[in-house]
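Below: one structure, written as structure tokens.
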Amino acid sequence: MTSLQLGALHTAPVAESDLLSQIDVSSLPRHIAIIMDGNGRWAHRRRLPRIAGHRAGAQAVREAVETCSRLGVQALSLYAFSAENWKRPKTEIDTLMALLREYLQRELAEIHRNNIRLQILGHYERLPREVRTDLDDALVLTSGNTGMVLNVALNYSARAEIADAVNSILLERAHAANGTGTAIQANITEEMISNHLYTRGLPDPDLLIRTSGEMRVSNFLLWQIAYAEIWVTDTCWPDFTKKHLLQAVIDFQKRERRYGGLGSNGA
Ligand code: IPE
Ligand code: IPE
Ligand code: MG
């Protein structure tokens, strides 16, 4: 399926306007999540250092953000750095952090102009101080914006997010029970967990995109993607364009979401 999608894009070039005309704006995915993978392989194929792939990837981020915001998607979640990515060589991590700062310096004004509200998913307080400062400034600047929510996952682990949610529910209860002698009950519901995740208040992703052909979720939004439609392309992230995103939305709109029930024809 993935190579067919790519083949279609490569062999018969489609105009962006053709793709746009196929999209039904009344049934857009409310929330799109993207695992931006394949920067290293993109660079390797060009005999470039991995970091060149990360740099090229930053350009693709710009296009994805702009496209989703213009389409009217409510939330876009981008997986930028996982809690497991600390296993990489220090030089690669340092460059990724520097690129993140460069990205913010270059794009923040545009993000703000487009009424986008930035949120960070993950323990970004563990990032280097100068990165945290830039992120804090960006969060403050965009906090009142009412357009698309842009979630950037940094030092993110979905399992940690779920554990954090349970801990914060227990903490709330302990505060509420403080001094009243109320027993803490073991009745944590799914709704409570959803309401304590980093993404609380946002709809769950309807569409999960992963680039570079890997068929795994790599600890991203495990709770929230329970019923997301998954779209994988062999294209590496730096080559991911507006057309790929539009194609993903078109394919999403052809899917039948059943949520455990029966299809529309009863089958
Ligand atoms: C995704 O590209 C970016 C990050 C995980 C930070 P990779 O760096 O994982 O690229 P590949 O998977 O090695 O090609
Ligand atoms: C997932 O990609 C994390 C990000 C895109 C930031 P990885 O490259 O880290 O995932 P694995 O190791 O291939 O599962
Ligand atoms: Mg990877």
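Since every read-out is calculated from the coordinates, none of them should be taken as a lab result. The structure presented is a predicted model; accordingly, all values stated were derived computationally and were not measured. Ideal geometry is used to build each Cβ from the backbone, glycine not excepted, and the neighbour counts take in all protein chains shown.
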Residue-ordered couplings for region 126-137, obtained by feeding phi - 60° into the Karplus form 6.51 cos²θ - 1.76 cosθ + 1.60 and rounding to whole Hz (Gly and Pro as x), are 8, 7, x, 3, 5, 5, 4, 4, 4, 5, 4, 4
Over all pairs of distinct alpha carbons, what does the Kirkwood formula give as the hydrodynamic radius of region 159-237, in Å?
14.8
CD proxy, 222 nm, the chain: helix-only mean residue ellipticity via -39,500 (n - 2.57) per DSSP H run with n ≥ 4, per residue, nearest 500, stands at -15000 deg cm²/dmol
Find the relative contact order for the chain and round it to a whole percent, using C-alpha pairs within less than 8 Å whose residues are 6+ positions apart.
29
Candidates 241, 146, 199: whichever shows maximal mean-square fluctuation once the chain is modelled as a Gaussian network with Cα springs under 10 Å
146
Need one number: convex hull volume per residue for region 70-208, Cα atoms only, in Å³.
148
Quick one: what are the phi-derived ³J(HN,Hα) couplings along region 77-88, Karplus 6.51/-1.76/1.60 with θ = phi - 60°, whole Hz, x for glycine and proline?
10, 10, 8, 9, 7, 8, 5, 8, 5, 5, 6, 7
Vicinal HN-Hα couplings computed from phi for region 218-227 (Karplus, 6.51 cos²θ - 1.76 cosθ + 1.60; Hz; Gly/Pro x):
6, 6, 10, 6, 4, 5, 6, 8, 3, 10
Sorted by average packing, counted as other Cβ atoms within 10 angstrom per residue and highest first, what order do 51-59, 81-89, 221-229 take?
51-59, 221-229, 81-89
Give me the one-decimal nm value for the distance between modelled label points at residue 189 and residue 140, 7 Å along each residue's Cα-to-Cβ direction.
3.9
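Please state, rounded to one decimal and in Å, the Kirkwood hydrodynamic radius that the chain gives when every pair of distinct Cα atoms enters the mean of 1/r.
19.9
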Would you please give the residues with an amide H less than 5 Å from that of residue 207, counting only those at least 5 places away or on a separate chain, with H modeled from the backbone geometry?
31, 33, 229
If one builds a Gaussian network model of the chain from Cα atoms under 10 Å apart, the most fluctuating residue listed among 30, 41, 216 is 216
